[in-house]
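One structure is given here, and the rest of the page talks about it.
Just so you know, all these numbers are worked out from the coordinates, no wet-lab data involved. Since the model is a prediction, treat every value here as computed from it, not as a measurement. In this analysis, Cβ positions are derived from the backbone assuming ideal geometry, glycine residues included, and neighbour counts consider all displayed protein chains.
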Amino acid sequence: MQVGTFGADAGGPLVDPSNRGKIRDGMKKSAEVAHKLDCKSLIITTGNEISEVSREQQHQSIVDGLKVAAEVMEDEKLTLCLEPLNILVNHKGYYLSTSTEAFQIVDEVGSPSVKILYDIYHQQITEGNLIATITANIDKIGHFHLADVPGRHEPGTGEINFRNVFKSIAETGYDKFVGLEYWPKGSDDDSLQDAAGYDSRYLIQLR
């Protein structure tokens, strides 16, 4: 089984510029592991918002940190995927929730080795408009996670029309991994069979 992705070591929260010196070493260590596993993609998060620091400063800290990380990723021929998370249900206090700011950060970093992990579950909670957002920004997306809403269970248990979402993603030519990041309502085997029934044409990684 091929490893689709795993969490990279940023040396500390990206929102905190005092961690800047640790990023390069963390990325290099993560790259070594990625090569051993023959894994081409890594995940990074921003950390929680710092109340006493402006969002503008934290945004810039994330961009600056990712520029450092991008140098390593480009040299190692890897992709680093920044993940926005929802703050309404699961991750209160996390800095990055909207896809708009996430894609803006990718643009400001300006590296083909830094993209977004678009989590369908998180973005349905945060903003909806899944298909239009995904198709308009597919060149900036390096990985997907999925779960249905509400409950974070398998496709078909909630409000998201995954057949249409998968179809739209496939039509963009996306050919990388889609990670199943949900809590099964029943057995693992039955859950995977149900998920496979949605006829995603992707390699699917179970996390």
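Just a few scattered comments:
- Three-way shape call for the chain based on the alpha-carbon gyration tensor, with the a/c threshold at 1.5: prolate
- Residues whose amide H falls under 5 Å from that of residue 86, counting only those 5 or more places apart or on a different chain, are absent, with hydrogens built in the peptide plane.
- Sum of -39500 (n - 2.57) over DSSP H runs of 4+, divided by residues of the chain (222 nm, nearest 500): -12500 deg cm²/dmol
- In sequence order, calculated HN-Hα J values of the range 12-19 (Karplus, 6.51, -1.76, 1.60; Hz; x Gly/Pro): x, x, 5, 5, 9, x, 5, 8
- Listing 1, 73 from fewest to most neighbouring C-beta atoms within 10 Å gives 1, 73.
- Out-of-range pairs (alpha-carbon distance over 24 Å; input 22/77; 28/67; 28/115): none
- When each of 45, 5 is scored by the number of other beta-carbon atoms lying within 10 Å, the sequence from fewest to most is 45, 5.
- Amide proton proximity set for residue 179, modelled H, under 5 Å, gap of 5+: 144, 145, 146, 205
- Relative contact order, percent, the chain [alpha-carbon distance under 8 Å, six or more residues apart]: 16 percent
- Counting only alpha carbon atoms, the long axis of helix 20-37 and the longest principal axis of the chain meet at about 40°.
- Computed 3J(HN,Hα) for the range 52-65, one whole-Hz value per residue from the Karplus formula 6.51 cos²θ - 1.76 cosθ + 1.60 where θ = phi - 60°, is 8, 10, 5, 5, 4, 5, 5, 4, 5, 4, 5, 4, 5, x, glycine and proline marked x.
- Burial ordering of 105, 125, fewest other beta-carbon atoms within 10 Å first: 125, 105
- Rg over Rh [alpha-carbon atoms, Kirkwood Rh] for the range 1-121: 0.95
- Label point distance in nm, residue 89-residue 29, each placed 7 Å from Cα along Cα→Cβ: 3.4 nm
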